[in-house]
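The values are calculated or read from the model by the stated rules, or taken from the named source; none is laboratory data. Note that the structure is predicted; figures quoted are calculated from it, not measured. Positions of Cβ are generated from backbone atoms using ideal geometry, with glycine treated the same way; all protein chains shown enter the neighbour counts.
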Amino acid sequence: MTRKPVGAFVVTALALLSAIPVLAHHSITAEFDSSKSFSVKATITKIEWVNPHTYIYADVKDENGTVTSYSFEGGPPGALRRSGVLKTMFNVGDVVTIEAYIAKDGSKHLGLLHAVHFADGHMIFFGRPEDSEGKN
Amino acid sequence: MKVCLGFCLAAAAAVLGMLCMASGLAAQEGSGSQPAKSKQQPMPKGGPAPRTADGHPDFSGVWFVGTAGGFTYNPALRKQFDPKVTPEEPPQFQPWAATKIKSMTATDFELGRASVNCMPRGVPGMFLINPYPFQIVQTPGLFVQLDELNNNFRVVHTDGRAHSPDPDPSFDGDEVGHWEGDTLVIDVIAIDERTWNNFTGWFHSDQEHVIERITRPSMNYLNVQVTIEDPKVLSKPWTSAPRVWTLAHEDLLEYYCTNNQEVEEYKALKAQESGGGKK
């Protein structure tokens, strides 16, 4: 036995506990507000290219040098691949500007990926057409 | 917080889709940008449907929802039927069933939503509420459907055999097929009662009987029309409009629903709703 599973359980439990009042507060509405977006310059720290949804994690440093970790959610890997977005387009350590839609619950460090802009000027778009059918 | 809600993504969708489309077009004009892949034209008919050695239409191939024949951001190409051309009546419920559905809250709808609870779509959901592609592998006497969604599969004998006399309930049910001309008719009974036929409370009973009528009117097009009889829940049988899929020349990928944490969240929310009197 190690202490790691216990720690993981505690983290999971805390996450769930924090999520429940959030959902209740919003009476089951969308997690993200597609009408409001934000943009941050960030350094990619972790890439999760997994079903059912991908995540890109990134650190944002403010003018005082304080670092804040953000989570950005994307579509499923298959849909992204079909739309031309591949895991290999991103690397830990990349300094990018991320456009994302805000979380409706007020989570300031969470976003729904819209686009990732790279320093050389190219950008990658995210989209989930299967979601737009409203029936998945 | 790592919560992803299928319904919320749907809510963001139309706008996102349009934004992505617009961005994609802009990207093509920019320098060094990454245009999104998105098919923009409906597939042509593509000539007559192929046939298997026994002379029946061969449905084999990878099929995408709508008319694009693959991935598209274009919502018009993802539509499976035009209600102005082939109208589809809403299901007519028995009074008790209508009352039950009317009493459901938005939380109940989310708890019953397969993209939240990660239950299999099953039959007939795999044709009615499944935006992911599937592959059909057909041989004389056998229809095999491989679904990208949750790597589900179904195997249907098409030799006209009878149903099992004592089937156990299952998500895809006890299913047997036979040909009526160029239409494959799959008859399904003994469907697990936990599935819904839509995302707004259309539950079903152990008496549900589903008839799927599958045709391939041309090389690139597949039509599926679903009839649902369920005398305990419906006041009359319901028949869908013919739903359209189109042929894609690419392989299936893997998609698994693993949003199981959401179920616990919604259950907790439901407990709050019913126990605490909170609003």
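One line per residue, one yes/no per condition, for (1) aliphatic (A, V, I, L, M); (2) closer than 23 Å to B:ASN117 by Cβ:
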residue: B:ALA190; (1), (2): yes, yes
residue: B:GLU208; (1), (2): no, yes
residue: B:ASN223; (1), (2): no, no
residue: B:THR227; (1), (2): no, no
residue: B:THR246; (1), (2): no, no
residue: B:HIS249; (1), (2): no, no
residue: B:SER274; (1), (2): no, yes
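Output the residue which, of all residues in the stretch A:68-91 that are assigned to a helix (DSSP H, G or I) and not aliphatic (A, V, I, L, M), is nearest to B:GLU148 (Cα to Cα). Can you show your working first?
Residues of the stretch A:68-91 that are assigned to a helix (DSSP H, G or I), as a first pass: A:77-82, A:87-89.
Imposing the further condition that a residue be not aliphatic (A, V, I, L, M) reduces the set to A:77-78, A:81-82, A:87-88.
On the way: A:PRO77: 12, A:GLY78: 10, A:ARG81: 14, A:ARG82: 13, A:LYS87: 20, A:THR88: 23 Å.
Within the stretch A:68-91, the match that is nearest to B:GLU148 (Cα to Cα) is A:GLY78.
Being more than 9 Å from chain A (Cβ to nearest Cβ) and either farther than 30 Å from B:PRO231 by Cα or without any contact (Cβ under 8 Å) to a residue 12 or more places away in the chain (or both), is that true of even one residue in the stretch B:107-127?
no
Any chance the stretch B:63-80 includes a residue that's modelled with pLDDT under 95, on the phi > 0 side of the Ramachandran plot and outside the structural domain of B:LEU234 (by TED's automatic domain parsing)?
There is no residue in the stretch B:63-80 that is modelled with pLDDT under 95, on the phi > 0 side of the Ramachandran plot and outside the structural domain of B:LEU234 (by TED's automatic domain parsing).
Name every residue in the stretch A:98-108 that is more than 9 Å from every other protein chain (Cβ to nearest Cβ) and within 11 Å of the chain's Cα centre (by Cα), in order of residue number.
Answer for the stretch A:98-108, where residues must be more than 9 Å from every other protein chain (Cβ to nearest Cβ) and within 11 Å of the chain's Cα centre (by Cα): A:ILE98, A:GLU99, A:ALA100, A:ILE102.
For the stretch B:222-260, which positions are part of a loop (DSSP other than H, G, I, E, B), within 14 Å of chain A (Cβ to nearest Cβ) and not polar (S, T, N, Q)?
Matches in the stretch B:222-260: B:HIS249, B:GLU250, B:ASP251, B:LEU252, B:LEU253, B:GLU254, B:TYR256, B:CYS257.
So which residues in the stretch B:50-66 are closer than 16 Å to B:MET126 by Cβ and in a strand (DSSP E or B), if there are any at all?
Of everything in the stretch B:50-66, those that are closer than 16 Å to B:MET126 by Cβ and in a strand (DSSP E or B) turn out to be B:VAL62, B:TRP63, B:PHE64, B:VAL65.
Residues that are more than 14 Å from chain A (Cβ to nearest Cβ), at pLDDT 95 or above and under 23 Å from B:VAL85 (Cβ atoms): does the stretch B:190-205 have at least one?
no
What tally of residues in the stretch A:60-74 results from selecting those that are of a type in the set (Lys, Arg) and within 12 Å of chain B (Cβ to nearest Cβ)?
Number satisfying all stated conditions: 0.
Cβ-Cβ distance below 7 Å, separation of 6 or more or different chains: which pairs start in the stretch B:194-212 with a residue that is in a loop (DSSP other than H, G, I, E, B) and end on one that is polar (S, T, N, Q)?
Matching pairs, first to second residue: B:HIS204/B:ASN197.
Any residue in the stretch A:24-47 that is at pLDDT 90 or above, more than 10 Å from chain B (Cβ to nearest Cβ) and in contact with a helix residue (DSSP H, G or I) (Cβ under 7 Å, 6 or more places away or on another chain)?
yes
How about the stretch A:28-51: which of its residues are under 13 Å from the mean Cα position of the chain (by Cα), in a loop (DSSP other than H, G, I, E, B) and not aliphatic (A, V, I, L, M)?
A:GLU31, A:TRP49, listed by residue number.
Among the residues of the stretch B:106-125, is any at pLDDT 95 or above and surrounded by fewer than 17 Cβ atoms within 10 Å (Cβ to Cβ)?
Within the stretch B:106-125 (the criterion being at pLDDT 95 or above and surrounded by fewer than 17 Cβ atoms within 10 Å (Cβ to Cβ)), the answer is no, since none of the residues qualifies.
Considering B:VAL176, B:VAL144, B:VAL156, which residue is of a type in the set (A, V, I, L, M, F, W, C), surrounded by fewer than 17 Cβ atoms within 10 Å (Cβ to Cβ), assigned by TED's automatic domain parsing to the domain that holds B:TYR221 and within 18 Å of B:ILE211 (Cα to Cα)?
None of the other options fit; the residue is B:VAL144.
Exactly one condition in (1) buried (at least 21 other Cβ atoms within 10 Å of the Cβ); (2) farther than 23 Å from B:PRO57 by Cβ is false for B:ASN151; which is it?
If we test B:ASN151 against (1) buried (at least 21 other Cβ atoms within 10 Å of the Cβ); (2) farther than 23 Å from B:PRO57 by Cβ, just (1) comes out false.
Can you spot a residue in the stretch A:58-73 that is modelled with pLDDT of 90 or more, crowded, with 23+ Cβ neighbours inside 10 Å and touching a Phe, Trp or Tyr at 6+ places or on another chain (Cβ under 6 Å)? Write out each step before concluding.
Pass one, the stretch A:58-73, residues modelled with pLDDT of 90 or more: A:58-72.
Next, only the ones that are crowded, with 23+ Cβ neighbours inside 10 Å stay: A:58, A:72.
Adding the requirement that they be touching a Phe, Trp or Tyr at 6+ places or on another chain (Cβ under 6 Å) leaves A:58.
So far as the stretch A:58-73 goes, yes, one or more of its residues are modelled with pLDDT of 90 or more, crowded, with 23+ Cβ neighbours inside 10 Å and touching a Phe, Trp or Tyr at 6+ places or on another chain (Cβ under 6 Å).
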